[in-house]
Amino acid sequence: MTAPVLSVAGLQKRFGGLLAVDGVSLGLVPGELHAVIGPNGAGKTTLIHLLSGALAPSAGTVLLDGRDITRLAMNRRVRLGLARSYQITSLFPNFTVLENLALAVQGAGGRHDAVRARAELETIGLASRGDQRAGALAHGERRQLELGLALATGARILLLDEPMAGMAAEEAARIVGLIEALKGRRTILLVEHDMDAVFRLADRITTLVYGRVIASGTPDEIRRHPEVRRAYLGEEVAA
Ligand SMILES: Nc1ncnc2c1ncn2[C@@H]1O[C@H](COP(=O)(O)OP(=O)(O)OP(=O)(O)O)[C@@H](O)[C@H]1O
Ligand SMILES: [Mg+2]
């Protein structure tokens, strides 16, 4: 089997008396889209924080290309090709769409590169919005731009936390299309509650409940998994 580009082993995050992430081990092989699903409060966002370096784990290790990055600062991880998008939007509202993208390129160690930023603008389907203030974008467009910011860093590995959250069906479909177009070219960890999107996009799915992995497998395996159905999927997904 191909060696994982990003992996965690025995990862744990404690908030006071709560184990938000409780002994999680998983690996992403190059080019795969690995979805992480689970009920509210399962620890999905916390897991992304631990991978991105926004939080330090209480125990366990994070490996990137086999190298231990458990204690590496977030900006250093970005320079190694690991980028995230946020569940909560994080744009500079008074800057234009293009400026936001150029800043992301620059932040990742590139030059302030208007050409790169323009190219990303095309990729994310916001070509006509470049000169608009980011703060004036519609919600769905703002989420598209956030995905663009993660892409603009040139990241090989994208950590996406609910990129479709709060979107109308049409906007969500656009994001699914965008992610589909990236498939195979980047390694993607996708946290998402939209099960249609997850089952359409994912190569593998890991299910978290109360901070623990209860199942990991192909979409078919997860769809049929009794414990996953009981804990999360319920009637949402037909077997
Ligand atoms: N900074 C924090 N301090 C204390 N508790 C926290 C903190 N961040 C998260 N938690 C708790 O840890 C648990 C996991 O939260 P997390 O946000 O990772 O869940 P999630 O799976 O992303 O949920 P959702 O699907 O609602 O986004 C929750 O019980 C949450 O209340
Ligand atoms: Mg979350």
Quiz item: Just checking, how many residues over the range 141-175 are touching a strand residue (DSSP E or B) at 6+ places or on another chain (Cβ under 7 Å) and not hydrophobic (A, V, I, L, M, F, W, C)?
Solution: 6
Self-check item: Counted residues, the range 184-194 - those being away from ligand 1 (no atom under 13 Å from the Cβ) and more than 13 Å from the chain's Cα centre (by Cα)
Solution: 2
Quiz item: Could you give every pair whose Cβ atoms fall below 6 Å, whose first residue belongs to the range 29-45 and is in contact (Cβ under 8 Å) with a residue 24 or more places away in the chain and not assigned by TED's automatic domain parsing to the domain that holds Val8, and whose second residue is small (Gly, Ala, Ser) and more than 9 Å from ligand 2 (Cβ to nearest atom), counting only separations of at least 6 or pairs across chains?
Solution: none
Quiz item: So Ala197 clears everything in (1) within 16 Å of ligand 2 (Cβ to nearest atom); (2) under 20 Å from Ala83 (Cα atoms); (3) of a type outside the set (Ser, Thr, Tyr) except one condition, right? Which one?
Solution: (2)
Quiz item: Restricting the search to the range 14-60, which residues are over 16 Å from Leu189 (Cβ atoms) and among the basic types (Lys, Arg)?
Solution: Arg14
Exercise. Just one of (1) away from ligand 1 (no atom under 16 Å from the Cβ); (2) in the same structural domain as Ala9 (by TED's automatic domain parsing) trips up Gly234, so point out which.
Key: (1)
Exercise. Looking only at the range 28-81, count how many residues are within 16 Å of ligand 1 (Cβ to nearest atom) and hydroxyl-bearing (Ser, Thr, Tyr).
Key: 4
Quiz item: Any idea which residue in the range 13-26 is farthest from ligand 1 (Cβ to nearest atom), counting only those that are under 21 Å from Glu227 (Cβ atoms) and of a type outside the set (A, V, I, L, M, F, W, C)?
Solution: Ser25
Quiz item: If you scan the range 111-149, which residues turn out to be under 18 Å from Ala83 (Cβ atoms) and hydroxyl-bearing (Ser, Thr, Tyr)?
Solution: Thr123
Quiz item: Only one of (1) farther than 22 Å from Leu182 by Cβ; (2) more than 16 Å from ligand 2 (Cβ to nearest atom); (3) hydroxyl-bearing (Ser, Thr, Tyr) fails for Thr2. Which number is that?
Solution: (1)
Self-check item: the range 82-95, residues that are at pLDDT 90 or above and either within 20 Å of Val191 (Cβ to Cβ) or within 16 Å of ligand 1 (Cβ to nearest atom) (or both)
Solution: Leu82
Quiz item: Does Gly10 satisfy the criteria of being small (Gly, Ala, Ser), away from ligand 1 (no atom under 16 Å from the Cβ), in contact (Cβ under 8 Å) with a residue 12 or more places away in the chain and in a loop (DSSP other than H, G, I, E, B)?
Solution: no
Practice problem: Scan the range 51-75 for residues that are in a helix (DSSP H, G or I) and in contact with a strand residue (DSSP E or B) (Cβ under 6 Å, 6 or more places away or on another chain) and jot them down. | Solution: Leu51, Ser52
Quiz item: What residue, among those in the range 151-167 that are more than 16 Å from ligand 1 (Cβ to nearest atom) and at pLDDT 85 or above, is nearest to Leu28 (Cα to Cα)?
Solution: Ile157
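The values are calculated or read from the model by the stated rules, or taken from the named source; none is laboratory data. Please read all numbers here as calculations on a predicted model, not as lab measurements. Glycine gets a Cβ as well: all are built from the backbone with ideal geometry, and neighbour counts include every protein chain shown.
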